[in-house]
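See structure below.
The values are calculated or read from the model by the stated rules, or taken from the named source; none is laboratory data. Bear in mind the structure is a predicted one, so any value in this text is a computation, not a measurement. A quick note on method: Cβ atoms are made from the backbone with ideal geometry, for glycine too, and the neighbour counts reach across all protein chains shown.
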Amino acid sequence: MTSSEIRQHFLDFFRSKNHLIVQSAPLVAKNDPTLMFNNSGMAQFKDFFLGNGTPPAKRVADTQKCLRVSGKHNDLEDVGFDTYHHTMFEMLGNWSFGDYFKKEAITWAWELLTDIYKLPKDRLYVSVFEGDTKDNVPFDQEAWDLWKPIVGEDRIILGNKKDNFWEMGDTGPCGPCSEIHVDLRPQSEVNLKPGKELVNADHPQVVEIWNLVFMQFNRKADGSLDPLPARHVDTGMGFERLCMAIQGKMSNYDTDVFTHTIKVIEELSGITYTGSQREYPDVAMRVIADHIRAVSFAIADGLVPSNARAGYVIRRILRRAVRYGYSYLGFTEPFLTKLVPTLALQFADVFPELNAQRDFVATVIREEEAAFLRTLENGLKLLDKITVDLEKTGKTVIDGETVFELNDTFGFPVDLTALIAREKGFSIDESGFQKSLQLQKERSRKDASSATGDWTELHDIDGVEFLGYDQTEAEARIAKYRKVQNKQGTQYQIVLDRTPFYAESGGQIGDTGVLELQSGDQIAVIHIADTKKENDLIIHISNDKNLEELLDGHAPVLAKIDSARRIAIEDNHSATHLLHAALREVLGKHVGQKGSYVGPDALRFDFSHFTKVTDAELAEVERIVNEKIRENIPLNERRNVPIDEARKLGAMALFGEKYGDFVRVITFDPNYSVELCGGTHVPATGQIGLFKFTSEGSVSTGVRRIEAVTAEKALALLNEQQATLDQLKELLKAPKDVVKAVQSLLDERSQLQKKIDALESEKLQQVKTGLLTKVQSSNGHSVIVERVEVPSADALKQLAYDLKAKIDNLALVLGSDINGKPQLAVMLPDNLIKDKNLHAGNLVKELAKEIRGGGGGQPFFATAGGTDANGLDRALEKGREILG
């Protein structure tokens, strides 16, 4: 029975028992702050058990993708080293929400396992909760009585609270459970020791495959238990272990859940998988086969590998797999990405999201692999040196500072360093690592901070009132100021009690302008170069000198922003919202903001997307944005909107923003762009005038960047492009069709290049013919050491290979002055390499000293370049002496 058939039999069986078959929840937990990943089958039904929602049916069944790599449910360290632990796994489950209970759950479980799956009854054991006097929970007599006529007393095991009582948390629904275990050992071992004695003893062939949880109590805050008014059933069966049992294997990895992937790994590596528990190539294949599932499905479910939270967990898993492939299977180029198609097709019928996004997933994985491989080799070399040095001193612990360096410089997660160290017989100083990490954070804060003086307090204020949404100037009082010394020199930081100045946040840069105040008979002006936030303060920054007297005068000020600059910023900020919506429309709903810059001269927008945005896609996005500009959509701004109400409006939260209970919602057409935003915007989109892209490119794995200009800057760009086009028309004498004229020039250039190539080839043949007359014999090999005239380094290489094809046992040194840059080529025959221990790479390096250069290559052929053409003859003479 194949794994697909096993899964389908489970779903069909419970469908026949009137269960609704539901889809798996995403691997990444949604809207549950207690979970980073869905780590069990019941996770998506949690609210139903807690009474916070209504289930879609009273009877439900599914197969759920689960991930256990963090917290108390962490199987990562066991993966690859045993036969049955995984990071991602499937959990088959059936649920009853206040409908059937123990009798049906037990009866159906036995029917499915023995009648449908044909597991031998004499290899199955069940456990029943023995009771707990401390909790005043009785022995589960009901379950015992139900199991007894099915399996007999000798196959029932009494389990304690740890193994046979399930609780959702410190409070809430809970109850006893019955586990079903299977003994997969050879009959000879069964005859020596009954499987009953090995249940829950971590034996790799006596394993739990199904847990039937009977939720019949409610744990109260005081620890007491009350019977639930409605009793529930929650079961979970490990799909991979079930396949191992049904297919008669000794390891989950020997089932067809994994063999397809392992076969591809064998083909890519050229190494045969033997199933050994101790040989590292086999361990590596199991780790990779497991990890690629977790990484691929996490990405398909919308999680991008990153350096934060869940994204970092996925990056750790991926890098762990890359390291195993590199160290034990010889993979020096991205290889995980090549496993995705096989995986996607295997699960297409049950988890179609991976197959639908397999190119996308493969691209993300390939970029992540390539990035890590660039530093992996150097990091491993450093780690090897560290362990060798430690061995000399007799120490066995790698200090925390070194572990931090591996993490900070080479991207080695601390658990990866710990794993590699353990393989070499060492451990790491975890507390020392944390200390180094903390010191770096403190250094970063110190480097980022200014050398500030104390605040000079002038007026007490409860907070700063921001007026900038409605006003461009306002009267205010100076609340406090301080003088700052930093890299920019001397600055004054000024806090007003109220201000129209927008402080930099959410990608929008801070306002500039002036503070006007009375000084004697004159109006003094303080120039504000920037506006920043510090906690809840809006700080106006001035680079003016000697302001103490003005600031201490207690005079009210007129705060005036640079209105023209603000308008240009607003044009770009509102255009960013229009751009975000257009990208989602053209590229897909996976697009999300990952960063932005909104200034007066341009806008920059970083977003999640994993391939280059094509010219056609860019053109369509640009068309949509300009269409929305021409529609002159009025701004719909709502302030102090409850966050839940904003979500119901469909508002998108932007990257990097911190939101409270009340938010500001910016809408340009409720069917097009609705976002949470604290920035300033145009009153209507028509003010933007024009939108024009200037660039598109990659920022990091899975993140693209678009830069654009609007309004006057966009018009200036178009005018500049038109001026360039006019100049080209004039130069090409092509008033109408510039493209045709340029293509004609390119065609002409191509024809000329072909003629040049033919002439150079003819000349090269002449040089080759001349060299064939200069062959000398020496100790069983032929020798050519000559200076030649060739047009390029490639031609010199081609000449060497052409001569090798014509002359047996050829040893040559060729030198050429190519446009003032000396080049050398060395070719050696096998007899000189083997008998004389010569190496072309080493020889060319020695000769290159005469031309003040360097080079290298393979034992039989190598090249070098230099800077001193005057040394060519000396290099050739030295080569002649060596080759005899």
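In the set Lys878, Lys836, Lys849, Lys774, only one residue is closer than 26 Å to Leu759 by Cα and of a type in the set (D, E, K, R); that residue is Lys774. The listed residues are Gly236, Gly302, Gly275, and the only one of them that is among the small types (Gly, Ala, Ser), assigned by TED's automatic domain parsing to the domain that holds Asp135 and outside any helix (DSSP H, G or I) turns out to be Gly236. Given (1) touching a residue at least 12 places away in the same chain (Cβ under 8 Å); (2) under 30 Å from Leu799 (Cβ atoms); (3) not hydrophobic (A, V, I, L, M, F, W, C), where does Ser761 come up short, assuming only one miss? Evaluating Ser761 over (1) touching a residue at least 12 places away in the same chain (Cβ under 8 Å); (2) under 30 Å from Leu799 (Cβ atoms); (3) not hydrophobic (A, V, I, L, M, F, W, C) leaves (1) as the failure.
Residues in region 252-272 that are surrounded by fewer than 19 Cβ atoms within 10 Å (Cβ to Cβ), among the polar types (S, T, N, Q) and either assigned to a helix (DSSP H, G or I) or not assigned by TED's automatic domain parsing to the domain that holds Tyr328 (or both): Thr259 only. Could you check, for region 340-361, whether at least one of its residues is modelled with pLDDT of 85 or more and outside the structural domain of Glu266 (by TED's automatic domain parsing)? No, region 340-361 contains no residue that is modelled with pLDDT of 85 or more and outside the structural domain of Glu266 (by TED's automatic domain parsing). Close contacts from region 212-240, counting a first residue that is under 19 Å from Trp144 (Cβ atoms) and a second that is at pLDDT below 90 and among the aliphatic types (A, V, I, L, M), with Cβ to Cβ under 7 Å and a gap of 6+ residues or different chains, come to Met215/Leu228; Gln216/Leu228; Phe217/Leu225; Phe217/Leu228. With respect to Ile180, determine if the residue is surrounded by 15 or more Cβ atoms within 10 Å (Cβ to Cβ), part of a strand (DSSP E or B) and assigned by TED's automatic domain parsing to the domain that holds Trp108. For Ile180, the condition - surrounded by 15 or more Cβ atoms within 10 Å (Cβ to Cβ), part of a strand (DSSP E or B) and assigned by TED's automatic domain parsing to the domain that holds Trp108 - is met.
Checking Glu549, Glu620 one by one, the residue that is outside the structural domain of Thr685 (by TED's automatic domain parsing), of a type in the set (D, E, K, R) and outside any loop (DSSP other than H, G, I, E, B) is Glu549 and no other. Of all the listed residues (Asn52, Asn94), the sole one being modelled with pLDDT under 90, over 24 Å from the mean Cα position of the chain (by Cα) and either part of a loop (DSSP other than H, G, I, E, B) or not aromatic (Phe, Trp, Tyr) (or both) is Asn52.
The rows are residues; the columns are (1) farther than 21 Å from Pro556 by Cβ; (2) surrounded by fewer than 18 Cβ atoms within 10 Å (Cβ to Cβ); (3) modelled with pLDDT of 90 or more.
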site: Ile478; (1), (2), (3): no, no, yes
site: Tyr481; (1), (2), (3): no, no, yes
site: Asn486; (1), (2), (3): yes, yes, no
site: Val495; (1), (2), (3): no, no, yes
site: Pro500; (1), (2), (3): no, no, yes
site: Ser505; (1), (2), (3): yes, yes, no
site: Gly510; (1), (2), (3): yes, no, yes
site: Asp521; (1), (2), (3): no, yes, no
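Among the residues of region 634-649, are any at pLDDT 95 or above, touching a Pro at 6+ places or on another chain (Cβ under 9 Å) and surrounded by 14 or more Cβ atoms within 10 Å (Cβ to Cβ)? Yes - at least one qualifying residue is present in region 634-649. Would you be able to tell me the number of residues in region 1-16 that are surrounded by fewer than 17 Cβ atoms within 10 Å (Cβ to Cβ) and modelled with pLDDT of 95 or more? Within region 1-16, residues that are surrounded by fewer than 17 Cβ atoms within 10 Å (Cβ to Cβ) and modelled with pLDDT of 95 or more number 8.
The test for being modelled with pLDDT of 95 or more and assigned by TED's automatic domain parsing to the domain that holds His86 does not hold for Gln187. Against the test of being more than 19 Å from the chain's Cα centre (by Cα), surrounded by 14 or more Cβ atoms within 10 Å (Cβ to Cβ), outside the structural domain of Pro305 (by TED's automatic domain parsing) and of a type in the set (Ser, Thr, Tyr), the options Thr393, Thr402 yield a single qualifying residue, Thr402. Given the criteria at positive phi and assigned by TED's automatic domain parsing to the domain that holds Leu354, does Gly223 qualify? Here the answer is no, as Gly223 does not meet what is asked.
Apart from one condition, Met88 fits all of (1) crowded, with 23+ Cβ neighbours inside 10 Å; (2) among the aliphatic types (A, V, I, L, M); (3) at pLDDT 95 or above; the exception is (3).
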